Structures are given as structure tokens and as C-alpha cells.
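Novice: I'd like to ask some things about the structure below.
Taken together, the values in this text are just the output of simple stated rules run on the coordinates, not laboratory data. Please read all numbers here as calculations on a predicted model, not as lab measurements. Ideal geometry is used to build each Cβ from the backbone, glycine not excepted, and the neighbour counts take in all protein chains shown.
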Number of protein chains: 6
Amino acid sequence: MKILIVNPNTTASMTRKIGDAARSVAAGGTEVVAVNPADGPVSIEGPYDEALCLPGLLTEVKRGVADGADAVVVACFDDPGIDACRALVPVPVIGICHAAMQVAVQLADSFSIVTTLGRSVPVLEGLAVRYGMAQRCRRVRAAEVPVLALEEPGSAAAQQVRAEVRAAVAEDSAEAVLLGCAGMADLAAALSEEFAIPVIDGVAAAVKLAEAVAGLGIATSKAGLYAPPVPKAYSGTLSAFAPRTP
Amino acid sequence: MKILIVNPNTTASMTRKIGDAARSVAAGGTEVVAVNPADGPVSIEGPYDEALCLPGLLTEVKRGVADGADAVVVACFDDPGIDACRALVPVPVIGICHAAMQVAVQLADSFSIVTTLGRSVPVLEGLAVRYGMAQRCRRVRAAEVPVLALEEPGSAAAQQVRAEVRAAVAEDSAEAVLLGCAGMADLAAALSEEFAIPVIDGVAAAVKLAEAVAGLGIATSKAGLYAPPVPKAYSGTLSAFAPRTP
Amino acid sequence: MKILIVNPNTTASMTRKIGDAARSVAAGGTEVVAVNPADGPVSIEGPYDEALCLPGLLTEVKRGVADGADAVVVACFDDPGIDACRALVPVPVIGICHAAMQVAVQLADSFSIVTTLGRSVPVLEGLAVRYGMAQRCRRVRAAEVPVLALEEPGSAAAQQVRAEVRAAVAEDSAEAVLLGCAGMADLAAALSEEFAIPVIDGVAAAVKLAEAVAGLGIATSKAGLYAPPVPKAYSGTLSAFAPRTP
Amino acid sequence: MKILIVNPNTTASMTRKIGDAARSVAAGGTEVVAVNPADGPVSIEGPYDEALCLPGLLTEVKRGVADGADAVVVACFDDPGIDACRALVPVPVIGICHAAMQVAVQLADSFSIVTTLGRSVPVLEGLAVRYGMAQRCRRVRAAEVPVLALEEPGSAAAQQVRAEVRAAVAEDSAEAVLLGCAGMADLAAALSEEFAIPVIDGVAAAVKLAEAVAGLGIATSKAGLYAPPVPKAYSGTLSAFAPRTP
Amino acid sequence: MKILIVNPNTTASMTRKIGDAARSVAAGGTEVVAVNPADGPVSIEGPYDEALCLPGLLTEVKRGVADGADAVVVACFDDPGIDACRALVPVPVIGICHAAMQVAVQLADSFSIVTTLGRSVPVLEGLAVRYGMAQRCRRVRAAEVPVLALEEPGSAAAQQVRAEVRAAVAEDSAEAVLLGCAGMADLAAALSEEFAIPVIDGVAAAVKLAEAVAGLGIATSKAGLYAPPVPKAYSGTLSAFAPRTP
Amino acid sequence: MKILIVNPNTTASMTRKIGDAARSVAAGGTEVVAVNPADGPVSIEGPYDEALCLPGLLTEVKRGVADGADAVVVACFDDPGIDACRALVPVPVIGICHAAMQVAVQLADSFSIVTTLGRSVPVLEGLAVRYGMAQRCRRVRAAEVPVLALEEPGSAAAQQVRAEVRAAVAEDSAEAVLLGCAGMADLAAALSEEFAIPVIDGVAAAVKLAEAVAGLGIATSKAGLYAPPVPKAYSGTLSAFAPRTP
């Protein structure tokens, strides 16, 4: 099985970290291909960046599935563009926030999330509502670290994340904690051990869910929201994205 | 007051119809500027088109506000990119679906929606949940007419929309009906009269709400979700979109 | 356009303040008529006062619409009697709590409310549920000032309101704050500026919404909840309220 | 124990029927006093009538508790004025809609409601939301019979109610049916037997709940929403309603 | 009327306390029979104990109804096995958590719960969701006292419960407090008086509700979830539990 | 990896079918062990059977984990005893209803469920609420076939299931269908192909999720609801179930 992981920002060091996290949990027969777009924001922090990562994300998803991917993971915790990706390709598409939440509620009754910046808190609260997890999500906490600070050796970012995990346990009575940024993938194991509760990295959760869903041999439903794009013209610089008649 | 209306698809005839609908309800002192992007899909039908209208939409919003717009209306009933637009500019940004729902619940206890294609039904059901309108929305109905069929003189599209409005009254006991596509803006008045209930066009609703909110002189909150984009690099063909330090 | 604003308590000084707040945001062509009933409570603090303001409120609404009002604003943040008013008259009827919430979610993702007395907290929490705003409303806070203290020059009431607005920003991460009493209408602008987030007065919000909805030329739906009262006898001292055959 | 039942409309024949229904289920030691106001609508059909029954209702509640009632039942299925009554008096106040729903979910997993007119459907749907019963309430059905038709011997009203009960069983898979008008109190037993499911009359349910709650010897909480009315002046014809300092 | 109260754990001293609490509120003509199973856990703390109390509970319910009980109360605040009991017997079956919540919302707008151990907090939060009480339940608090500590004379358990009741009033603005364990039945009256709000014991609430519902003469609906068990074989040591053809 | 699948009823032919379905989707390195209890109901149809399958289920789970299982699947679509199992053992425990719903929302926006008997409809509706899937679940349909009819060669059961799947597509616009009984595991593939939408068998979904969650190497949280049972005595015939001090 071949799983395509798209980091929808353009920072290659983060893509490598995500790929490593993915491979560390992938099953024996799973090939992990981790890519990022050439075009778009270097990090995704809030809805403006999220909107503008989409052309690059869709380009990579289309190419990767054409190259034989059996499932796609979108490796940004805001789950950008999931519906568009599902409409574009027949194989399962998994967002890392949704995956982390689904795994969490198999292991714990409630969870808190630790994300990067305060502006992402309402984004993740909104996803919790959309995914039917509002009753399970105790609190979304911001460590107030920029995404790319997680890439800098020696930064205080990891310690700030740890402080919020500690607070989630102590103040929220959370039974599990989700790390709300793909760039935190390397922190989960140590935090899980230190706090003796599940600390869940979305990348790892999504890789395993992708293996699971693709392993069932069932394709994405094309009967409604995820029907293939209607063939039509696209104008100007985006004409290459125009959906073709199948 | 100057209101910028962005039709996020690239079909100029639809932009003209939207502009006409807007001007027909605008207050005396309101200037309406209706535009569409040069780049992107000719119509928006489902989440793939919705994702790829965003660069064009954001370009028009940025330019229009730089040119003095006091408020922005995004004229697609899927409300694409609203959060990104709100982060990008300080003036109020109004989506036509949200506006139509807000007006509806001031005039009626419940409503149904008539949209174009079946694939848009779950999109609008999702917006109803997000906007806290799930209890008020009786049913989302698809007339199964492509968006651009609404632009063709002599097509059966208007009759199909009318049939669904009739069904909403008879079967859903809806107290009001929302027309779920900006391309239906010219049908609202006649249907309102025929069925003796509010039949609400989102473009008109959004123009009046934009006047209302902008008239209060309060800007979009920059304290959380709508904080200005963090200054950073954007790679490749999207570098011109990179947020600048203010 | 003529907008009738009914302060449903009988304190004339408060009616004047409300009228002034309304006129300060009304459009050029809008005539604002602010009235209060002759009969009923001098202030509305809790459900008992709310019940007994209704005969006076309905009397004023009926008279004002007969005198040509194009829309009605009910200027008490508990939104008393809105459904009864909508059944009684064909023109739009707007409550200031609902209006403030609708404006808030066009400018911010979440809000807190600062009201007068603790007993009003559950009233406003209940309205948030009814209006589908429970997910958006972070917290309802009571400044613990009686309504009429807001009318006394030199009282500490304004400072207590300000302290709760500050707490809403600091503790609730609210992106906007609603002032939960028509008597706070004169405080909004200064608080908005001081705290650099939208601080929304319901009277102003409702006037602009009333202009918006009435400007669409659509009357209240008479197809269900807001059908005209069934003609029937009323006994005793209330016989003058008996609905007539149209 | 003495239970005051207030029929908030002014139709004495209906008050007698309600009193009979109450006495038929009351415990041995329970005295039932059924009254109606002298002033107000002859029937309550929609929010306008509901608003104007309140002065009469509050008058009767105050008098009845002063005369020694240990609990109060408000016998209109729209549950008008419950919060105001609870603030006014210390003894438990029970609405018949809330009571019927509470009894229903002790005997069945879901229920439908059969009410009088279509305009009451959204009222009862709203109460289901407020009472946390939205998931349990399959459907609210209108028999389209005026309230007072239930008082006319030989009218078809009872047959229309029966037809809707049958439909609730057949089409809604409802496990129980609530009769949504105090004037249907005499129909419950026969319908229960005919359809072999609980058919619940709100008056009977409320009498038994009133006995239960009053029997616990716990008064209404005065710590928040139901705090006694703040002492203040009432103007004009309503001055007799002014709350006094205790 | 004869009410069977089943304490689903096997601690006889607790059964006696529960029986005493029940008799102290029962009506004159009510006979209270309080029993506990011979087989099962000595206390119920968490879902494992809850699962294994069910055979004993069902045995007692079947026997008690065969012996003439008119209603059944299950006296554990986790409401274990209620649906199974309702399917097994025709008479009303009342859980003490559901009963306490129903009584609370007749006397107060919101409540908090004080339970024994932290592991029970999510159980009760889950019941609040299931019973439609999530909006009314401010907070579930754990006194961190084992169930059987409530049986030990001189233990600090009662003081720890009292401290949490105090916190519910001060920090949660709860208008009422529910005691979340049948073993706290003897504490309610004194706490109610001390804190001047309703402090509700579930056993007492359930006894009064059982009298109320049974007094209506309506049996549990057998039309859906509570249909009698399908006759079938049970294997091995549980064969005596096999449902018989009626 | 070793996955224990417990069919909580005692019908061995159904256990074999479940085991076959599990092995047909298990990964190369996964060992599937399918067992059923010796004691308990021969099929689970409604809450009474569900309660009495628990001792047998817990016995098998404890033994299977002692024998080295890395994850547990409970193969009854009512998800009986999941919380108790999670408290009892440290490895992940997956219910087939929850698993099927989680997989469904990765492949489709909405789904319907086809179950066996009408009495199971409210059970599954309740699980949809508990799992946050109420907005996604269009309808729960009963094929009205007893569980064991699915085991009889030549019965009409499969055709009745197929008829409801067809209705779910045609009437509910469901984008996917869940088969709501472990005994339907062998029907999913053919129905998926015939109706060209995902038709999901819970056993297969749960096996893949179990591989996924166990593959992450994270154990069930012991910080709250799933804390190990408190060591204590169990009386009488259930004494062997008494939790021991670890």
C-alpha cells in the first residue's frame, strides 16, 4: 500500500519530519511518500494561509494519486481542503485533526488539544463541532509558538507545548491530549510517557487510519458531496485546474 | 458608502445580474461595485470549485478594499473564503448564505433552501450547523439545475426552482424560502408574491446587512480568528499573496 | 423609512437615551420614533417584569404601526414579546439581543455579554440557545448594577460594566462584547475604542438591522408562528386587546 | 396538599373539564382548585394570546398561593408565563407541556405531540428544544381544530385528534403521544387503550408531578432566574402588580 | 401503591439507608420495599461494576414486580440497566439520576452535581447529554470519597461532599445541587437548609416520581425500545434468565 | 498483532462468520481470534439481551487479553459493554458500530443504517447521539429480520436487508450505508458493488481500526472513565469477577 502524505505548506524540513513520523508507525507493507507543494505559504497559521495552500495541495494530491497512491493524508491540523480533495480523487483522504480525534475517542472519553497560535483555537473548536466532537473536547489551548519555531533546534517551543499538556491534565481533567500541529509530531511519544495518558500526534493517527480505510478496499462515496467535479472551464492562470470530462 | 460585491466565479453575465440585484435594494447613498476574478472556475458547484475560487476572490477583495470599499459581499451561496477575507481586510465581509439565513429568522420561524445541484445540499446543511441554524432549516432542496443554466434565456431552470419552492411550502411547512444560488437573484420577488411568504435572495440580504454593519462603524474584530495574516514568505507562483508586515 | 423603537419599560429618561442612540446610527432618510408605554414596570429585571411589560408593549407596537412605522425595534435585551409583536403586525420586528448577536457573528467568531443583574444571566443564556448562538457565546457576565442605576449621573454603574468588559477580553478570550441592556447604549463607543474589539450596543444594531430588513421590502411571514391572531373575544379589562376579523 | 390549577384562558367550561381531569388522578389527600382569570383571551392560540393571558394568570397564581396552595399547575400546553410564576411565588410551578414530556420519557424512548392549530407547531418545537427534548420528539402534529371546538358537543374535533394519533403511531414510530392542549384532557384514556401506547394528557401529568415535587418539601430556588421580583414601581393601570419589598 | 427500590449493589447497610430515605418522603398509602441483590459488587464505582450489577438487578426487579410492585426505582446514580428493566417489566422504572434532574429543572434553571469519585464524572456528563440536560448541568464535581466511606460513621466523607456543594454555589452559580450517589441520601435536607437552595437526593426524587407516574395508571410503552424481550434460549449459567413466550 | 474478536452472543455459527469476515480484511501480520461466551443469550435483540451478555463478554475479554491480545473488537452493533471492557483491560477496545460510523465519515458526508428489528432503531439512534454522529446519520432503518434468520440458508433475510439499502439510497439520499448487525458481515461487498456507494460492515471496519489504534502503540487512557476497577469484594455467584489489587 502506498500512502501519500501532503504537507500543505512549502517548508521541506517540516515535510521531512512529517515523513519520518509517518514511517515510524506505518505497517510493514506500507510505502510512505511525503511531499509538499512548490507554491504557497511556508506555514499555515489562520484562515488566510489556509485558503492559499489549496491550489498547491490539490496539485500534489492529483499527481500523487495519478502516481498510484492508495490513500492520501493531508498533514495540517486545520484539515484544509479535505472536501475538495475527496471530490478530486477516488481514494480515501484523511485529515490529521479528524484522525487524531477519532483515535482519541477510542482510547479516552475526553481530550484537550494543544495548538500553536491563539488564532487557531476557534478553527479547531469549529472542527470539533463539525466532527461531532464538541462534547468530547474539553478545551483547545494555544502554546503561542509560531509553527516554524517548532523547526528551530534549541527553541523554547517544545517546552511551551509541554506546559500546555501539563495544564490540560491538571486543569481540564483531559483523559488524552492531541498535538494540534503536524510540526509537533516528534513530541508525542515522550509526552505520552511523561504524563501517562495518550498524547496523540495527528500524522501518526492519520497514517494508521489511512491504512485502515484503504485496507477495507472501499472508495470514497461519489453519491453526494464528493461527486467528481463537474467538467467546466477555468479562466486565466488557473485554467490547468479545470475538471475534465472523465 | 461603497459596497464591493465579489462574484467568486468568472462569469461576467452572472456578475452583472448580481450587481443589478444589489443596486435594486441598495440605499440611496450606497455605491455598489460588482466584480469577478479573472482567474478561476466559471461556476462554483461543489467543494473543488469552491477551493479554487479563493485566490481570485482574495485578489478582488484586497484590491476592492484598497480602492475604498466600506464593506464586502461574497456572492456565492456556499460562502467560500469568508474567514480568509475577514482576516485579510478590516471592513465587514458578508456571505450571502449567512445573510439570507439571518434575515429569514427575523421574518419567519423556519425556512427551507432551494439550491442548484444535489452535491450542494450537504454544503448548505453544513453551513446551517455552523451558523446555528440547524433547528430553523427545515430542508435543503436541490432543483437539479446547473448554475449556468440560470443564465440561459428560455431554459427550464426557473420553473424547476419554482417547483421546489412550491414543495417547500407544501411539504416542509417552511415559513420562508431561501434561494440558494446568487444566480437566482432575479427570481425572488415574483416567487415571494406568488407563494405569499418571504422568498429571500442572498445577494439582496447581504447588501442590506453590509449597509447595516458598515453603518455601525465597527470594524471586524482582530482579536482572534480574524487577526491579520502573520507576515511570512509564500513560495513560487503564489509569492505575490505573501502577507506583509503592516 | 420610519422606525418605531419601543422601550418596554416606562422610564422616559431611558427612552430618550435609547432614541438618541438610535438616531446617532440611523441612515439619512430614517425617522426614529422612540416611545414607551404608559402602563407597566419602570424597569425590566427578570421574568416577572418581562411578563408584565407585554400589554404596554403590544399597545405601543399596534399604535406605532397604525401610525405608519415600517419596522419595529423592541429595546429591552431580554427580547420580550417578540413573537407576539410579529403576529400582531406585518412589518419586521427586531429584538435588540437577537440583533446584537447577529451583528457580532458578522464581525467576530465569538462574543461575551455583559448584563445588569445575575438573574438575567440565565435569560440571556436561554436566548443564545434559542437563537442558535450557544456555541458562539463564551459567557454571560453580570455587572450587578440595577437597570436604573445606569440612569443616575455619577453612579459607579459604568465602571462596573467596564470591569466586566475587561474581564471578558482577558478571561473569556471573547472577540467581541455585547452590552446586555438598552440602558448601556451610550457606553459602547468608548469601550470599543478602549479595548480595540467590537463592543456592540443592541439598540444601534437593531436600528441598522431594521433598516436592512425593512429595506428589502419583505413582510413578516404569516404562514405559521406569526399568523395574525385568531379573531376572538377577550374578557374583562383586556377586552380592548381582542383580535378583530381583518 | 392543595394544588392550584390555573387555566390561563377565560373559558369556564374548559376550566371545569381541566379540574375534572385533575381530580380523576389526584391522590387521596390532594385538594384540587381549578380557576381561570376574569380578564384575558377566551382561548390561547399562538403567541399574541399567550402574551395577553399573563396578567390574569399571575393574578390567579398570586391569589391562590396566598390562599394556601402548595403547588401550582399552569394548564395551557404552551407553558405560558412559567418563569414569571416561579419568580412570583415560592411553591413549585409546573407547566403541562414540560410535565407531559417528563412523564413521557419515563415510559417511552420517543414521542410525538398532537396539538390544535398549525401555528402552535413551532411553539411546541421550541419548547422541546428548551426542555432538552428535541432528540426525543419525533414530530409535532396539528389536528387543525380550534381550541374551543374541543368544547362543542358533537364536533368532529375528537375524531381529528384521533386521526393524528393514529398517524403518529404509523408514520412517526412514536412510542408515546402527548395531547398538546389542556382541552383534550378527556380523550387520553380511550386513545391510550385504542392504540396500546401511552397517550399522555398534560393536565394529569402535571398534577402528579406537582404532588411529587411539593411532596419533597423543597421550594423553588431563589438563587438565580427565579429570584423574587425586585421591588419597584409599576406605572398606570398595572400599578397593582408592582412587586413589594418582602 | 407498592414501590420496589433496588439498590443494585450488595451492601445491606446502604440498602437500609436508601429505604429510610424513601419512606421519609413516600405518601401515606405507599409501601416501600427496599432490596439489594445477593450477587454482585459491594459498591458501584465506574463502568465495570455497573456492568456486573445487572444480573442481580434484573433478578430483583423481576421478583419484585411478580410480587406486586407498581413501580420500580433503581437506586444507583449511574442509572444502570434502566432500559433492560423497562423491557423486562410493564410497570414504570425510574432511575435516580434522571429523577433528580427532572425534579431539579422544575425548581431551578440550572444545577451542578456532586458525585463520589472522579471516574464517575464522565458517566454523569454522559447521562446529562442523553437526558437532554447538558445545557442545564453547570458542572459535575467529584468529592473524591469512595461510596462505602459514606457508610462509615465518623468519616470525613460528609464534609467533603459539603465542600463541593459550597463550591457549586460559589463557583458554578448553580441554582440547585444534585447529590450524585444514593449513599448521600441522608445529607440532602441539612445541605438544602444550609445553602438555601434545593439540594436534591435522587432516591427521594425517584420515589415521588414513581408515585406520580404509577399514579397515572399508564404502563411503559411496549411499542419500541421497551418491547418485551424476544423469547429465546440463554446458554450455560445464565439459562434461567432466558425470556419466555408470554 | 493479535486481535481478539468477541461475538457477545453464544451462537457459534455466527462467530465463525464474524471470524471469516475479520480475516478477509486483516493485514498480513494480524492474527484474528474469534470467540463467543459459553454463557448468555443466543442473540442480542434489545436492551435486556444486551445487559445479560455482559458477564460472558467480560470473561472472554479478560481471558483473551491475558492470552496476549493486542486489541479487542466487540462484535455486536449495539456496542454493549465497551466502557466496562475499556476499564478492565489496557489494550484498545473497539465497538463495531462506532468503528463503522468512524469509517463512514471518512468516505461520505452522511449515512443511513440498516439494522435487524425495530426495537434496535432507538438503540442505534442513541449511539449516534453519543458518538457525535447525529447530524451525519440520515435514518436508522429496520429490515425486520431476527438476528438468527441471517444464519439460515435460504431465508429471505438478505433480500430484506437489500430492500432497505435500496430505500436508504433512494429516500434518504444517504451517501453510505452501514449494516447494523454483525450477522450481515457477508453481505457488504455485494451491496457495495450493486449500489455503487460504500456499504460498510462494522466487523471489517473494527478490525482495521483495531489494527490502526493498536499499531500506534498507545494504550487506553486510565486517567478517568477507563481507570481500572477499584479493588473490592463481589458477592455470591459473581465473586470471581471481583477486581483485584493490581
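Novice: For chain C, what's the relative contact order in percent, using C-alpha pairs closer than 8 Å and at least 6 residues apart?
Specialist: It comes to 21 percent, rounded to a whole number.
Novice: Would you mind giving the average projected area, over all directions, of the Cα convex hull of region A:201-241 in nm² with one decimal?
Specialist: Averaging across all directions leaves 5.0 nm² for the Cα convex hull.
Novice: Straight-line reach from B:Lys2: which aspartates and glutamates have Cα under 16 Å away, leaving out those fewer than 8 places along the same chain?
Specialist: By straight Cα distance, B:Lys2 reaches B:Asp20, B:Glu31, B:Glu60, B:Asp67, B:Asp70, B:Glu211.
Novice: Output ³J(HN,Hα) for region F:195-212: one whole-Hz value per residue in order, computed from phi by the Karplus curve 6.51 cos²θ - 1.76 cosθ + 1.60 with θ = phi - 60°, and x for Gly and Pro.
Specialist: Residue by residue, region F:195-212 yields 9, 6, 9, x, 10, 10, 8, x, 5, 4, 4, 5, 4, 5, 5, 4, 4, 5 Hz.
Novice: Taking the Cβ-Cβ separation of B:Glu144 and F:Gln159 as r and a Förster radius of 41 Å, what is the calculated FRET efficiency to the nearest 0.05?
Specialist: Calculated transfer efficiency: 0.85.
Novice: Also, I was wondering about something else. Could you give the dipole magnitude of the protein assembly as shown about its Cα centre, charging the beta-carbon of Lys and Arg +1 and that of Asp and Glu -1, in debye to the nearest 20?
Specialist: It works out to roughly 0 debye.
Novice: Enter the mean projected area of the convex hull around the alpha-carbon atoms of region E:97-202, in nm², rounded to one decimal.
Specialist: If I average the Cα hull's projected area over directions, I get 5.7 nm².
Novice: Rounded to the nearest 5, what is the percent of antiparallel bridges among the DSSP beta bridges in region D:97-202?
Specialist: Antiparallel: roughly 0 percent of the beta bridges in region D:97-202.
Novice: Here's another thing I want to ask about it. For the protein assembly as shown, which semi-axes, largest first and in whole Å, follow from the square roots of 5 times the eigenvalues of its Cα gyration tensor?
Specialist: Gyration-tensor ellipsoid for the protein assembly as shown: 45, 45, 30 Å.
Novice: Residues with amide H under 5 Å of B:Gly132's amide H, sequence separation 5 or more or different chain, H placed in the peptide plane at 1.01 Å from N; which?
Specialist: Placed amide hydrogens put nothing under 5 Å from B:Gly132.
Novice: Then there's this: Taking 29 Å as the cut-off for C-alpha to C-alpha distance, list the pairs among E:Lys222/F:Lys222; A:Lys62/A:Lys232; A:Lys222/F:Lys222 that go past it.
Specialist: Checking Cα-Cα distances, E:Lys222/F:Lys222; A:Lys222/F:Lys222 exceed 29 Å.
Novice: Work out the mean other chain Cβ neighbour count within 10 Å for the residues of F:83-90 and drop it here as an integer.
Specialist: Mean partner-chain Cβ count within 10 Å for F:83-90: 4.
Novice: Only Lys, Arg, Asp and Glu count, each charged at its Cβ (+1, +1, -1, -1), so figure out the dipole size of region D:1-135 about its Cα centre, rounded to 20 debye.
Specialist: The calculation lands at about 200 debye.
Novice: So what's the angle, to the nearest 10 degrees on a 0 to 90 scale, between helix F:120-130 and the longest Cα principal axis of chain F?
Specialist: Tilt relative to chain F: about 70 degrees.
Novice: For the protein assembly as shown, what proportion of DSSP beta bridges, expressed in % and rounded to the nearest 5, is antiparallel?
Specialist: Beta bridges within the protein assembly as shown, antiparallel portion: roughly 10 percent.
Novice: Taking the Cβ of each residue in C:Met14, A:Met1 as the centre, tally the other Cβ atoms inside 10 Å and list the residues starting with the fewest.
Specialist: In order of increasing Cβ crowding within 10 Å: A:Met1, C:Met14.
Novice: Helix B:96-107 sits at what angle to the longest principal axis of chain B, using alpha carbons and giving 0 to 90 degrees rounded to 10?
Specialist: Here the helix axis deviates by roughly 50 degrees.
Novice: In region A:39-150, what % of DSSP beta bridges are antiparallel (nearest 5)?
Specialist: 0
Novice: Put one equal scatterer on each alpha carbon of region C:111-160, apply the Debye formula with no solvent term, and list log10 I(q)/I(0) at q = 0.21, 0.28 1/Å to two decimals.
Specialist: Here log10 of I(q) over I(0) equals -0.71, -0.97.
Novice: Can you compute the FRET efficiency between F:Glu193 and B:Ala190 using 1/(1 + (r/R0)^6), with r the Cβ-Cβ distance and R0 = 56 Å? Round to the nearest 0.05.
Specialist: The value I calculate is 0.75.
Novice: Continuing with the same structure: Can you give the average number of partner chain beta-carbon atoms within 10 Å of each beta-carbon in peptide C:27-36, as a whole number?
Specialist: The mean count of partner-chain Cβ atoms within 10 Å per residue comes to 2.
Novice: Rounded to whole Hz and in sequence order, give me ³J(HN,Hα) for region A:226-243 from the Karplus expression 6.51 cos²θ - 1.76 cosθ + 1.60, θ = phi - 60°, writing x for Gly and Pro.
Specialist: Karplus-based 3J(HN,Hα) across region A:226-243 equals 9, 4, x, x, 5, x, 5, 7, 10, 8, x, 5, 9, 4, 5, 7, 4, x Hz.
Novice: Okay, moving on. Rounded if a/c is under 1.5, else prolate if a/b beats b/c, else oblate: with a ≥ b ≥ c from the C-alpha gyration tensor eigenvalues square-rooted, which is region D:72-156?
Specialist: Since a/c reaches 1.5 but b/c is at least a/b, the shape of region D:72-156 is classed as oblate.
Novice: Okay, moving on. Using θ = phi - 60° and the Karplus relation 6.51 cos²θ - 1.76 cosθ + 1.60, list the HN-Hα couplings for region F:170-180 in order, rounded to whole Hz, with x at every Gly or Pro.
Specialist: Those phi angles translate into 6, 9, 9, 6, 5, 8, 8, 10, 9, 8, x Hz.
Novice: Here is a further query. Do the sum for the protein assembly as shown: with -39,500 (n - 2.57) for every DSSP H run of n ≥ 4, divided by all residues, what is the mean residue ellipticity at 222 nm, to the nearest 500 deg cm²/dmol?
Specialist: Rounded to the nearest 500, it is -12500 deg cm²/dmol.
Novice: Still on this structure, please answer the following. For region E:201-218 and region A:147-204, write down the distance between their C-alpha centroids in whole Å.
Specialist: For region E:201-218 versus region A:147-204, the Cα centre distance is 49 Å.
Novice: Another question, then. Percent of Cα-Cα pairs more than 18 Å apart in region A:19-92, please.
Specialist: 41
Novice: Would you kindly work out the equivalent ellipsoid of chain E from its C-alpha gyration tensor and give its semi-axes, the square roots of five times the eigenvalues, largest first in whole Å?
Specialist: Semi-axes from the Cα gyration tensor: 29, 19, 17 Å.
Novice: Across peptide D:54-64, how many C-beta atoms of other chains are within 10 Å of each residue C-beta, on average?
Specialist: Mean number of neighbouring Cβ atoms from other chains: 2.
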